[in-house]
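Data block below; observations after.
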Amino acid sequence: MKKLIASLTSLALASLAQAGPTVTEHYEAIRQALLHDSTDAVATHASELATAADPGCGKEWPAVATAAKRLAAATDLAASRKEFAVLSEALVACRKRAAMPGTLVVYCPMARASWIQPAGEIGNPYYGPSMARCGEIVSEDQPPSTR
């Protein structure tokens, strides 16, 4: 019985590891669109993110899924950015529990909002190309917490 539980746990963890990149890939596609003042495919990626498997967020996941659904329903660039901020807040909370390797949390004091992005040059999704580099890294890549 213990071997069966261990095997099922191992399969579940492997499944979550595969789900994580899907969530981060959809989120990154949304961030990139907003960074370039576009809403192209934002609704599609937000809908996919909303129905993706929980990458290990646990109790934070429903807030992520709800925020992604609201972003998918946004009708213009300003509304998309507003809903992206809500999604980002939920995903930053999720990141504290789930492994999201290679990511940073960045904060824009002008937008008063954070986002997650891959390591490298800052790409601010809240103001587009005019202020693409505005922001400061507030959290580097980290292992999930042991809550």
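The values are calculated or read from the model by the stated rules, or taken from the named source; none is laboratory data. For clarity, every value in this text was computed on a predicted model and none was experimentally measured. No Cβ is skipped: glycine too gets one built from the backbone with ideal geometry, and neighbour counts run over all protein chains shown.
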Only unsatisfied item for Ala119, checking (1) more than 10 Å from the chain's Cα centre (by Cα); (2) within 20 Å of Thr39 (Cα to Cα), is (2)
Within the stretch 74-91, residues being crowded, with 16+ Cβ neighbours inside 10 Å and of a type in the set (Ser, Thr, Tyr) number 2
Being modelled with pLDDT of 95 or more, assigned to a loop (DSSP other than H, G, I, E, B) and not basic (Lys, Arg) narrows Ala74, Ala85 down to just Ala74
Qualifying residue in the stretch 110-122 (condition: of a type in the set (Lys, Arg) and closer than 20 Å to Ser47 by Cβ)
no
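Residue by residue, here is whether (1) over 16 Å from Thr22 (Cα atoms); (2) assigned to a loop (DSSP other than H, G, I, E, B); (3) touching a strand residue (DSSP E or B) at 6+ places or on another chain (Cβ under 9 Å); (4) of a type in the set (Gly, Ala, Ser) holds:
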position: Ala98; (1), (2), (3), (4): no, yes, no, yes
position: Pro101; (1), (2), (3), (4): no, yes, no, no
position: Ala111; (1), (2), (3), (4): yes, yes, no, yes
position: Trp115; (1), (2), (3), (4): yes, no, yes, no
position: Ile122; (1), (2), (3), (4): yes, yes, yes, no
position: Pro125; (1), (2), (3), (4): yes, yes, yes, no
position: Pro129; (1), (2), (3), (4): yes, no, no, no
position: Cys134; (1), (2), (3), (4): yes, yes, yes, no
Ala93 fails exactly one of (1) modelled with pLDDT under 95; (2) of a type outside the set (Val, Ile, Thr); (3) part of a loop (DSSP other than H, G, I, E, B), namely (3)
Taking the stretch 1-37 and keeping residues modelled with pLDDT under 95 and not in a helix (DSSP H, G or I) leaves Met1
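Considering only residues of the stretch 38-71 that are in a loop (DSSP other than H, G, I, E, B) and among the aliphatic types (A, V, I, L, M), which is surrounded by the most Cβ atoms within 10 Å (Cβ to Cβ)?
Of all residues in the stretch 38-71, those in a loop (DSSP other than H, G, I, E, B) come to 38-41, 52-57.
Still in the list and also among the aliphatic types (A, V, I, L, M): 41, 52-53.
Working: Ala41: 14, Ala52: 20, Ala53: 13.
Looking at the filtered set, the residue picked out is Ala52.
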